[in-house]
Amino acid sequence: MKCHHCRIGHLHSTKMPFITFLDEQMLVVPDVSAYRCDMCGDVLFNEGFLEQLQYLLDQLTEAEYPPETAEWLALNEQLGHWQPGDRMS
């Protein structure tokens, strides 16, 4: 798969830590599946992982969504999630 960032390199499957900040605390999730470009080093994490992590962090912080976002999330849950390999026409 070609890199979307540099458009020269190829993305290769790897495992690496996902690091983010929550308020003033560092959150590190080790051994997360990702794709890394062999030319520019750009990293893409699995979108499903990022959605699940965001859900867990929202549960932890009890984040409340504006009504239009809550409506979109509910609709998104009903439609299901796209999986790699699914074909859309």
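A simple charge model with +1 on the Cβ of Lys and Arg, -1 on the Cβ of Asp and Glu and nothing else charged puts the dipole of segment 11-79 at about 440 debye relative to its Cα centre. Please name whichever of 17, 53, 74 sits farthest to the positive end of the charge dipole of segment 11-79, dipole taken about the Cα centre and charges placed at Cβ: Lys and Arg +1, Asp and Glu -1. Among 17, 53, 74, the one farthest towards the positive end of the dipole of segment 11-79 is 17.
Each value in this text was obtained by applying a stated rule to the coordinates, not by laboratory testing. Remember, predicted model here, so these are calculated numbers, not experimental data. Positions of Cβ are backbone-derived with ideal geometry, glycine not excepted, and every protein chain shown enters the neighbour counts.
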